[in-house]
Amino acid sequence: MTAVAAPRLPIPSFAEVYDEHFGFVWRTVRQLGVQGATIDDVVQETFIVVHRRLAEFEGRSSLKTWLYGIVRRIVRDERRRLTRKPTSPVDDYDAIAGEGHDPGNQAERAEAARLLLRLLAELSDDRREVFVLVELEQMTAPEVAEATGTNVNTVYTRLRAARGDFAAAVERHRARDAAFVVTAGQEGT
């Protein structure tokens, strides 16, 4: 008796993939530590690879997981390249914060984005990767394990450690803010 292959799901068009997943790719690239104008280059490179390889997508994983595998390889290559040729970061926090009509609200969101990226930068690469995918991109641990080629138990271990590291970074930030407020208040007296 021969095994019957599961029917292959139709592959979405490149335009559909781009429209649906551009935000995920851009956020992930930024949250994995790529900075400034390089973000756009990495996102563009990601979608060039997607365009070239979309017909090869077999549906054995979710499209988001497949995309993340591509993003991960390109980000690692870019980070290796930048360690050989450092550049000065130019960040567009307004783009991170999103479009808004209220300048005050947009400024607060841009500041929150700056803080989030500073706190994420304090995590090791492996922990940051898992934290970003689970906490910010809402992927499940099994999806992260598949996307990163890591054992699911390792994902849970890294996630637990990353949550602890992130909480500690938040506490350090709060302590610095409290010390700044006290120091600033003493200068005014």
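Since every read-out is calculated from the coordinates, none of them should be taken as a lab result. Keep in mind the model is a prediction, meaning the values are calculated, not measured. Glycine gets a Cβ as well: all are built from the backbone with ideal geometry, and neighbour counts include every protein chain shown.
If the segment from L115 to R176 were pulled out straight at 0.36 nm per residue, it would be longer than the present Cα-Cα gap by 20.7 nm.
Could you give me D for region 7-67, from Stokes-Einstein at 37 °C and 0.692 mPa s, where the hydrodynamic radius is the Kirkwood radius over C-alpha pairs? Units µm² s⁻¹, please.
The calculation lands on 268 µm²/s.
Please give me, ordered by residue number, the trypsin sites (Lys or Arg not before Pro) of region 14-89 that lie in loop per DSSP and have at most 11 other Cβ atoms within 10 Å. All intermediate terms of the calculation are to be shown ahead of the outcome.
Working: sites: R27, R30, R52, R53, R60, K64, R72, R73, R76, R79, R80, R81, R84; in loops: R60.
Hits after loop and neighbour filter: R60.
Rounded to the nearest Hz, the phi-derived 3J(HN,Hα) couplings of region 149-157 under the Karplus curve 6.51 cos²θ - 1.76 cosθ + 1.60 (θ = phi - 60°) are x, 10, 4, 4, 5, 5, 4, 4, 5, where x marks glycine and proline.
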